[in-house]
Amino acid sequence: MNFLIKIPSLKLKNTTIILLIAICLAFFVGILVGSGSYILIVALMSLIPACIVLKRPDISLALLAAFTLLIAGTIKYFLGLGQFQWILSGLGVLLLAYAALQHTFTPFIATSEDPGFLALIGLWWAILLFGSAANNLPMLDWLVGVRIYLPVFGVFAYIAYCYPSERLLKGILFFMLTVGSVQWVFCIYQKLLIVPLRLAGHYPGSAWDSIVGTFGGDKFGGGESGSLGVYLSLMATLAIALHKQEQLKTFWFFLIFVSSFAAMAMVESKIIALMIPAGFFLVYREYAFKKPIAFISGSIAVAILMACLLIAYYYLYWQTDDNKGLLDALYDRFAYSFDPKFQPSTTNLGRVKSLVFWWDRHALLDNPLTILFGHGLASAVSSSSIIGTGVAVRAQAVMLDVTGISKLLWETGVVGSLVFISIFVLGFFRARKLKSNSALPPWHRAAMTGVEAAFALMPFTIFYEVTIVSSPPMQFAAMFFLGYVAYWWRENHHTTYG
């Protein structure tokens, strides 16, 4: 487990980290004073006590998981305090600083066996920063953009290169499963109490978008319902993988799956009906030849379950749409997502139309910089308490962060988008190799099967919602999985060759 040569004084590193954090805080506070963002100053200053946690970065990671998946979204939804996200960003930066300074003072061993994520992440950041500098973005846009993207990489860096305990990683994975299984409590409250208030108040948009669990958003304006649907699907896939290899007892599997399914039925996220079957296939795909009867039986069971989900959507949400029948309502609800002309409002583009709009506004010969490398940090942000909207949004007068891929294209261009997706493609192949490695403990081999499936599904989700691009809970899940694979990749190499 010891990939690093230990230095004699941990106090020196902790003191240095705290000093650097203090300097960074002073720098950002100065910027915020100049912009008049006093609420954010309070949020930033509240990070000072968090410096103490640097002595226990494992606690920082656990707190970041709890705050991101349960607390921050709930506070934003019920109290309207989106600024709390800056505290989470501070925790992520602490982990990133800790990981960076660990390797400032401590040399690597066997760096040639790094899984390759860091190189791709570094390349993506180089593209993002180059595009930002080339487009001469204002300082506050840099600050907002860095806050959106940078802190969550602290999760990856700490897990991949600071070697936390196997017990901590297992515990956080269990916690992530638990988060998925308790979402129904929040969803049913939002459905029974918040949705009727939104309908009575005649707020714009679909009232069902207010059902977001703990993932956050505007109570009467919608939020992270799509990302919650993706998260629930990934956690169900992870539970299936653990149960398949007898690392999750049948009682707990059904408890997690049924409770997650209850939340799925209320979220009204159609992508679930595609992701659950895809996840099942990825986990059990070798059974198609080895155990065809079991595979077909399981496939039928999943198909029936997803049919029940869609029927529930029809009676709960779709039946009022011009009194259409089930099949007609189902067709309409899926078809509009692929309609290149559909847009909910004059400023809110549809999923496919957002891509068509990006294509129409760019030409390789006219401006190769923006089509290849994007407009830079936060240029596609549609709402910010600091900058209002991003520079590209102001120029185009429409929302540009409709989906993850539209946001990536506007901010990082074609090259940056391809590099971003390739990070998760590499994650899939690394996880696929690790899941059959007998050097891994049985529980983690089973979990790696679920992580492999997650990496196959994640790139497709960015065409549906912002998810792993800028949704904090999904960003955390993505970076945790990347760090988890990197951890076992390096651990396996050290065990085998060290």
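The values are calculated or read from the model by the stated rules, or taken from the named source; none is laboratory data. Since we're looking at a predicted model, the values are computed, not measured. Heads up, the Cβs are rebuilt from the backbone with ideal geometry, glycines too, and the neighbour counts pull from every protein chain shown. These accessible areas exclude ligands, DNA and RNA; they are computed on the full protein's heavy atoms, side chains included. Shrake-Rupley method; radii C 1.70, N 1.55, O 1.52, S 1.80 Å.
Residue by residue, here is whether (1) under 21 Å from Met458 (Cα atoms); (2) touching a Gly at 6+ places or on another chain (Cβ under 6 Å); (3) at pLDDT 95 or above holds:
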| site | (1), (2), (3) |
| --- | --- |
| Gly223 | yes, yes, no |
| Ser227 | yes, no, no |
| Val258 | no, no, no |
| Ile311 | no, no, no |
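Quick check on my filter: what residues within segment 317-338 are outside any helix (DSSP H, G or I) and either of a type in the set (S, T, N, Q) or surrounded by 12 or more Cβ atoms within 10 Å (Cβ to Cβ) (or both)?
Within segment 317-338, Gln319, Thr320, Asp321, Asn323, Lys324 qualify.
Restricting to segment 211-248, name every residue that is without any contact (Cβ under 8 Å) to a residue 60 or more places away in the chain, of a type in the set (Gly, Ala, Ser) and open to solvent by 10 Å² or more (accessible area, probe 1.4 Å).
Gly221, Gly222, Ser225
Taking segment 179-189 as the search range and keeping residues that are at pLDDT 95 or above and not hydrophobic (A, V, I, L, M, F, W, C), which one is surrounded by the fewest Cβ atoms within 10 Å (Cβ to Cβ)?
Taking the candidates together, the pick is Ser181.
Does Lys270 satisfy the criteria of being open to solvent by less than 60 Å² (accessible area, probe 1.4 Å), within 24 Å of Ala453 (Cα to Cα) and not hydrophobic (A, V, I, L, M, F, W, C)?
Yes: the conditions hold for Lys270.
Anything in segment 285-297 that is open to solvent by 40 Å² or more (accessible area, probe 1.4 Å) and either touching a helix residue (DSSP H, G or I) at 6+ places or on another chain (Cβ under 7 Å) or hydrophobic (A, V, I, L, M, F, W, C) (or both)? List them, or say none.
Hits for segment 285-297 are Tyr287, Phe289, Ile293, Ala294, Ile296.
Considering each residue of segment 343-367, count those that are outside any loop (DSSP other than H, G, I, E, B) and surrounded by 13 or more Cβ atoms within 10 Å (Cβ to Cβ), and give that number.
Counting residues in segment 343-367 that are outside any loop (DSSP other than H, G, I, E, B) and surrounded by 13 or more Cβ atoms within 10 Å (Cβ to Cβ) gives 8.
Which pairs have Cβ atoms under 9 Å, sit 6 or more apart or on different chains, and link a residue in segment 413-438 that is surrounded by fewer than 20 Cβ atoms within 10 Å (Cβ to Cβ) to one that is among the basic types (Lys, Arg)?
That search, which allows pairs on different chains as well, returns Ser436/Arg445; Asn437/Arg445; Ser438/Arg445.
Any residue at all in segment 121-135 that's open to solvent by 10 Å² or more (accessible area, probe 1.4 Å), within 26 Å of Leu426 (Cα to Cα) and among the aromatic types (Phe, Trp, Tyr)?
Yes: segment 121-135 contains one or more residues that are open to solvent by 10 Å² or more (accessible area, probe 1.4 Å), within 26 Å of Leu426 (Cα to Cα) and among the aromatic types (Phe, Trp, Tyr).
I'm told Pro164 meets every condition in (1) open to solvent by 30 Å² or more (accessible area, probe 1.4 Å); (2) in a loop (DSSP other than H, G, I, E, B) except one. Can you identify the failing condition by its number?
Condition (1) is where Pro164 drops out.
Output yes when any residue across segment 86-106 is open to solvent by 70 Å² or more (accessible area, probe 1.4 Å), at pLDDT below 85 and not in a helix (DSSP H, G or I), and no when none is. Lay out the reasoning, then the answer.
Pass one, segment 86-106, residues open to solvent by 70 Å² or more (accessible area, probe 1.4 Å): 104-105.
Now restrict to residues that are at pLDDT below 85: 104-105.
Still in the running and not in a helix (DSSP H, G or I): none.
Scanning segment 86-106 turns up no residue that is open to solvent by 70 Å² or more (accessible area, probe 1.4 Å), at pLDDT below 85 and not in a helix (DSSP H, G or I).
Looking at segment 66-85 only, could you name the residues that are out of contact with any Ser or Thr (no Cβ under 7 Å at 6 or more places or on another chain) and surrounded by 23 or more Cβ atoms within 10 Å (Cβ to Cβ)?
Of all residues in segment 66-85, those out of contact with any Ser or Thr (no Cβ under 7 Å at 6 or more places or on another chain) come to 66-68, 71-72, 75-81, 84-85.
Those that are out of contact with any Ser or Thr (no Cβ under 7 Å at 6 or more places or on another chain) and surrounded by 23 or more Cβ atoms within 10 Å (Cβ to Cβ): Thr68, Ala72, Lys76, Tyr77.
Determine, yes or no, whether Met479 is modelled with pLDDT of 95 or more and under 19 Å from Val146 (Cα atoms).
So Met479 fits the description; yes.
Please specify each residue of segment 463-478 satisfying the condition of being among the polar types (S, T, N, Q) and either touching a Cys at 6+ places or on another chain (Cβ under 6 Å) or in a helix (DSSP H, G or I) (or both).
Thr467, Ser470, Gln475
Name the one entry in Leu364, Leu327, Leu355 that is under 28 Å from the mean Cα position of the chain (by Cα) and at negative phi.
Step by step, each of Leu364, Leu327, Leu355 is checked, and only Leu355 is under 28 Å from the mean Cα position of the chain (by Cα) and at negative phi.
Among (1) within 29 Å of Ala397 (Cβ to Cβ); (2) of a type in the set (Phe, Trp, Tyr); (3) in a helix (DSSP H, G or I), which single condition is Tyr314 missing?
Going through the list (1) within 29 Å of Ala397 (Cβ to Cβ); (2) of a type in the set (Phe, Trp, Tyr); (3) in a helix (DSSP H, G or I), Tyr314 breaks only (1).
Between Phe460, Phe481, which is open to solvent by 40 Å² or more (accessible area, probe 1.4 Å) and either part of a helix (DSSP H, G or I) or in contact with a helix residue (DSSP H, G or I) (Cβ under 7 Å, 6 or more places away or on another chain) (or both)?
From the options Phe460, Phe481, the qualifying one is Phe460.
Which residues, counting only those in segment 194-223, are farther than 22 Å from Ser470 by Cβ and either of a type in the set (A, V, I, L, M) or in a strand (DSSP E or B) (or both)?
Ile194, Val195, Leu197, Leu199, Ala200, Ala207
For Tyr158, work out the one condition from (1) modelled with pLDDT under 90; (2) among the aromatic types (Phe, Trp, Tyr); (3) open to solvent by less than 20 Å² (accessible area, probe 1.4 Å) it doesn't fulfil.
So the condition that Tyr158 fails would be (1).
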